[in-house]
Amino acid sequence: MDFSLLVKPAGADCNLSCGYCFYREKSALYRNAPRLRMEDKVLRRLLDVYRDGNIAFQGGEPTLMGLDFFRRAQKWSHRVNFSLQTNGTLIDRDWAEFLAQNHWLVGLSVDGPEAVHNRFRQGYTKVKLGYDTLVAAGAMVNTLTLVSAANIDRPQEIYRFLRDEWGSLNQQYIECTTPAAFAIDGEKWGDFLIGLFDAWLGDGDAHRVSIRLFDTLVARMVYGRAEVCQFAGDCRNYLVVEWNGDIYPCDFHVTKDLRLGNILSDDLEAMFASPRFREFGRRKRDWHPACNECEFLPFCQGDCPKNRDPLTRRSRLCAGYKRFFTHALPILDTLIPR
């Protein structure tokens, strides 16, 4: 199938309680459920109908399902490429060996509302232990860092900390625009990205450290395609599968009015082709009219709708992206082989 699945086997349940997590509120959709856990009949049906593509398990915290759940997923799958996004606190050697042996890509969240260096230099936390266990087993691991109001002023420090003390050569930085207590603004986002870019380039890491945003810009410049959905021209890149099999268009838009159906009773490809999903995808181009005249529109595509002001339809991060693109794109252009 030409679309990916983002599967939430434990719904919004998590063993941590991070105030910045946008997905926590989604548990209210299933407030009457005794326990948010995917049953085998849902998993089996999912893998019977989705036989060839990419499945990312996410949460909440998906490892709450226990390792045997994922062993069954591996056993019942066909030509599926699996990945897992986790906070790492439940990862032990058995988990790490399974993920490594079956070539699962692991995205490990190492951030919090505190600055990264304050959180981890105080001790060998469960998160760091999980990361080290994965690396020792030979698993493929990326670090995912949420950029919030609390750590946005430390781009170079965070970058070098993850690179040097964690050994992370594959990094992803995610902007926090909700909830308001942790949200960043456009100007500071621009400062963060420029600081990150200058450290990455100035330290000679352009061909050594992968930063997903920078990779995406290069892919756009070379191949004319976006590798992250927020910079694509259409929001229909994947479907979300909740713990009970309910299907939604995006994890930022898991709402009753956007429920597309259920994997146990509805055809997956028909849901992907449904008028409701087409209309959801069309929203991406409902950006501010000024975007049509912007030289950077081919790169940002108006940004993710979740980041847009509902009244103006302009991204709240627009000013920062413009400053960053102005700074970085000419430099990236010189790095591309001709």
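Structure above, values below:
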| item | result |
| --- | --- |
| Point-to-point label distance, residue 198-residue 266, nm (Cα→Cβ direction, 7 Å offset) | 4.9 nm |
| Mean separation of Cα contacts under 8 Å, 6 or more apart, over the residue count of the chain: relative contact order % | 17 percent |
| Size of charge dipole - the chain - debye, nearest 20, with Cβ of Lys, Arg +1 and Asp, Glu -1, no other charges | 600 debye |
| Accessible area (Å², per residue) of the chain, counting only protein heavy atoms and a probe of 1.4 Å | 46 Å² |
| Extended-chain gain in nm, criterion 0.36 nm per residue less alpha-carbon gap, residue 207 and residue 288 | 25.6 nm |
| Cβ-based charge dipole, the stretch 179-338, positive-most Cα from 200, 249, 288 | 288 |
| Spin-label pair residue 169/residue 312, simplified geometry with 7 Å Cα→Cβ offset, distance in nm | 4.2 nm |
| Modelled FRET efficiency - R0 41 Å, residue 74 with residue 149, Cβ distances, 0.05 increments | 0.55 |
| Using distinct alpha-carbon pairs, which all enter the 1/r mean, Kirkwood radius of the chain in Å | 20.9 Å |
| The stretch 208-338: relative contact order as a whole-number percent, Cα under 8 Å and 6+ apart | 22 percent |
| Extension gain from residue 28 to residue 295, taking 0.36 nm per residue of separation minus the Cα-Cα distance | 92.0 nm |
| Full-extension gain in nm, residue 278 to residue 326, via 0.36 nm per residue minus C-alpha separation | 14.0 nm |
| Gaussian network model of the chain, Cα within-10 Å springs - most flexible of 317, 258, 196 | 258 |
| Percent carbon-and-sulfur accessible area, the chain, ignoring ligands, DNA and RNA, probe 1.4 Å | 48 percent |
| Cα centroid separation - the stretch 162-185 against the stretch 46-82, whole Å | 26 Å |
| Separation in nanometres of the label points that stand 7 Å from Cα toward Cβ, at residue 180 and residue 89 | 2.8 nm |
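The values are calculated or read from the model by the stated rules, or taken from the named source; none is laboratory data. Keep in mind that this is a model prediction, so the values were computed, not measured. Cβ: placed from backbone, ideal geometry, glycine included. Neighbour counts: every protein chain shown. Each accessible area value is taken on the protein alone, full model and side chains, heavy atoms only, with ligands, DNA and RNA left out. Shrake-Rupley method; radii C 1.70, N 1.55, O 1.52, S 1.80 Å.
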